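Novice: Sharing a structure, written as structure tokens. Questions coming.
The values are calculated or read from the model by the stated rules, or taken from the named source; none is laboratory data. Values in this document were obtained by computation on a predicted structure and should not be read as measured data. Heads up, the Cβs are rebuilt from the backbone with ideal geometry, glycines too, and the neighbour counts pull from every protein chain shown.
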Amino acid sequence: MNIVVDSNILISALIKDSITRKIIIQCNDILLSPELMIEEIKKHLDVISEKSGLSYDDIERVMYTLLKYINLVSFNEIKNSINAAERIMGQIDPSDVIFVAAALAKNAAIWSDDKDFQKQNKIDVFTTKDMIKRTL
């Protein structure tokens, strides 16, 4: 199954060597995320560094290790799904439209603990708890 990983999931995996990292590495599903997520993560490097105790170089190393297990989806691949994603998620949380667009374009579910995704009913959403059951 294709599953789009929300940026907060990856940020969580960057902050702490946790069950989230383990799921990313051991998951048998195809994990995906919009390329634009990388820019979002870079905006939060200070917070990630502060919470993790890692240097920027260490965060980058961990991020690129985790990205070996997550296929990045280009904007070109999702641009035709943006309008539908805006209809689904735009009124709930516009910042999540890109993840819904990726899910629509790739016929995927979404992995997120963000309750906003639960407010829509067009895309299946897995929480980390659900992913533990699927993976471990």
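Novice: I need a count of the residues in segment 41-66 that are under 16 Å from R21 (Cα atoms) and outside any helix (DSSP H, G or I).
Specialist: Within segment 41-66, residues that are under 16 Å from R21 (Cα atoms) and outside any helix (DSSP H, G or I) number 1.
Novice: Would you point out the residue of segment 115-136, among those that are more than 15 Å from the chain's Cα centre (by Cα) and aliphatic (A, V, I, L, M), that is surrounded by the most Cβ atoms within 10 Å (Cβ to Cβ)?
Specialist: I132
Novice: Just to verify a result, which residue in segment 41-80, among those that are over 16 Å from A105 (Cβ atoms) and of a type in the set (F, W, Y), is modelled with the highest pLDDT? I'd like the intermediate steps shown before the answer.
Specialist: Going through segment 41-80, the residues over 16 Å from A105 (Cβ atoms) turn out to be 41-69.
Of the ones still in play, those that are also of a type in the set (F, W, Y) are 56, 64, 69.
Working: Y56: 95, Y64: 93, Y69: 98.
Of everything passing the filter in segment 41-80, Y69 is modelled with the highest pLDDT.
Novice: For segment 21-40, give me each residue that is in a helix (DSSP H, G or I) and either within 19 Å of A102 (Cβ to Cβ) or modelled with pLDDT under 95 (or both). Explain how you work it out, then say what you get.
Specialist: Looking only at segment 21-40, we keep the residues that are in a helix (DSSP H, G or I), and these are 21-26, 36-40.
Residues satisfying the conditions are I23, I24, L36, M37, I38, E39, E40.
Novice: Here's a follow-up. Does S52 qualify as being of a type outside the set (A, V, I, L, M) and crowded, with 18+ Cβ neighbours inside 10 Å? Give the steps one after another, and end with the answer.
Specialist: Working: of a type outside the set (A, V, I, L, M): yes; crowded, with 18+ Cβ neighbours inside 10 Å: no.
Answer is no for this residue.
Novice: Go through (1) modelled with pLDDT of 95 or more; (2) in a helix (DSSP H, G or I); (3) out of contact with any strand residue (DSSP E or B) (no Cβ under 7 Å at 6 or more places or on another chain) and name the single condition I98 misses.
Specialist: It fails just one condition, (3).
Novice: Which residues, counting only those in segment 101-113, are in contact with a helix residue (DSSP H, G or I) (Cβ under 6 Å, 6 or more places away or on another chain) and either surrounded by fewer than 19 Cβ atoms within 10 Å (Cβ to Cβ) or assigned to a strand (DSSP E or B) (or both)?
Specialist: Scanning segment 101-113 gives I110, W111, D113.
Novice: Tally time: how many residues in segment 23-43 are exposed (fewer than 15 other Cβ atoms within 10 Å of the Cβ) and not β-branched (V, I, T)?
Specialist: Final tally of qualifying residues: 5.
Novice: Moving on to the next point. Output the residues belonging to segment 56-84 that are touching a helix residue (DSSP H, G or I) at 6+ places or on another chain (Cβ under 8 Å), exposed (fewer than 14 other Cβ atoms within 10 Å of the Cβ) and under 17 Å from E40 (Cα atoms).
Specialist: Y56, F75
Novice: While we're looking at this one, here's another question. Return a yes/no flag: does segment 78-91 have any residue that is in a loop (DSSP other than H, G, I, E, B), farther than 14 Å from D6 by Cβ and either within 12 Å of the chain's Cα centre (by Cα) or charged (D, E, K, R) (or both). Reasoning before the result, please.
Specialist: From segment 78-91, those in a loop (DSSP other than H, G, I, E, B) are 90-91; that's our starting set.
This time we only want the ones that are farther than 14 Å from D6 by Cβ, so: 90-91.
Filter once more, so that each one left must be either within 12 Å of the chain's Cα centre (by Cα) or charged (D, E, K, R) (or both): none.
Scanning segment 78-91 turns up no residue that is in a loop (DSSP other than H, G, I, E, B), farther than 14 Å from D6 by Cβ and either within 12 Å of the chain's Cα centre (by Cα) or charged (D, E, K, R) (or both).
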